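Reviewing the structure listed below.
FYI, it's all coordinate maths here, none of it is from the lab. All figures in this text were calculated on a predicted structure; none of them were measured in a lab. No Cβ is skipped: glycine too gets one built from the backbone with ideal geometry, and neighbour counts run over all protein chains shown.
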Amino acid sequence: MFRESFNGTNKKIFWQELWRHEFEDALIRDPVVIVPVGSIEQHGPHCPMDVDIAGPFYMAVETARRVNDFPVIVAPPIWSGFTHYNMGFPGTISLRIETFLNLVGDVCRSIHANGFHRIVLVNGHGGNDAPIRVVRDTVSEEDVFVVAFSWWQMVADKMLALGETDDGSVGHGGEWETSVMLHLRAHLVYQARINADRFPNPFSPEIQSFARFSERRRDTAEDTGTMGDARAASLEKGQKIFEVAVDRLTQLVTEFHQVPPRTYRQFGSHCE
């Protein structure tokens, strides 16, 4: 049954499409579950609202398609994020931080309660970056061990090497997010409205690397909601960075598959 469900060109990869017996078959083969995490928010005048969920979702899907030796299951995306600072432009939907932490934490707990002990959170929204690590560290005390990161952290070296304008930063609707969108869904990029903008951090250059405010409408110089130079974006760049991300995510799930599940108190009380 595993071979029918998870191998081959028509294999099932989506959690919500599996039958109960397929979950049972998957569980005996050390599966990995990928949870895409993102946000619905403005991304400048040229990109759709779901940029931050599209990236991690398609990366997870392509990874699951490529791995045939064991089940890689893509959970339903967590599309709502912590992004109040984008509310100055229409279209953004934001959760309170407590709601977001509880939502992601409960999803991880539920997946673990079903017997799946290898969970990867792949995030696409900057405002979720620190919170998903808080979730990671919180649920571990309950023996729920997850790996949590933002997709651009997988490819930081390549973004720096291949980028032309944004100094390797993923930005916000800038060079790299727009490039990935051009690769994945070019029909949703409004080409005539592609722009360049910046976040005018008021601190000196040597301080800006670690001192910054929440951004967007008040602080983007041209009031576009964009951070970075989307004019430097291209489908070719998006394809290159997407392929590297999928390669590295595939390597991660392969190594994770081989790692025995952890338990928080395997060495005794954590207070000793």
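The distance between label points at residue 29 and residue 98 comes to 4.3 nm (points 7 Å beyond Cα on the Cα→Cβ vector).
Long hydrophobic helices in the chain, taken as whole DSSP H segments with a C-alpha length of 18 Å or more on their own axis and mean Kyte-Doolittle hydropathy at least 0.5: 97-113.
Looking at the chain alone, DSSP beta bridges between its own residues are antiparallel in about 25 percent of cases. Excluding residue 229 itself, what net charge comes from residues whose Cβ is under 9 Å from its Cβ, given Lys and Arg +1 and Asp and Glu -1? Its environment carries a net charge of -2. Computed from the C-beta positions of residue 262 and residue 19, the FRET efficiency with R₀ = 25 Å rounds to 0.30. Exposed loop sites here mean trypsin sites (Lys or Arg not before Pro) with a DSSP loop assignment and at most 13 other beta-carbon atoms within 10 Å; the chain contains its longest site-free run at 97-211.
Find the Rg to Rh ratio for the chain, where Rh is the Kirkwood radius over alpha-carbon pairs and Rg uses the same atoms.
Values: Rg = 19.4 Å, Rh = 19.5 Å.
Computed over Cα atoms, the ratio is 0.99.
Comparing 17, 236, 206 in a Gaussian network model of the chain, where Cα atoms under 10 Å apart are tied by springs, the biggest mean-square fluctuation is seen for 206. For a quick check, take a GNM of the chain with Cα springs below 10 Å and name the residue from 213, 116, 14 with the largest mean-square fluctuation. Among 213, 116, 14, the largest GNM mean-square fluctuation belongs to 213. Placing R0 at 41 angstrom, the Cβ-Cβ distance between residue 190 and residue 69 gives a FRET efficiency of 0.50 after rounding to 0.05. Between 170, 189, 253, the residue with the greatest mean-square fluctuation in the GNM of the chain (Cα pairs under 10 Å linked by springs) is 189. The gain in end-to-end length when the residue 134 to residue 251 segment is fully stretched comes to 39.7 nm, 0.36 nm per residue minus the alpha carbon separation.
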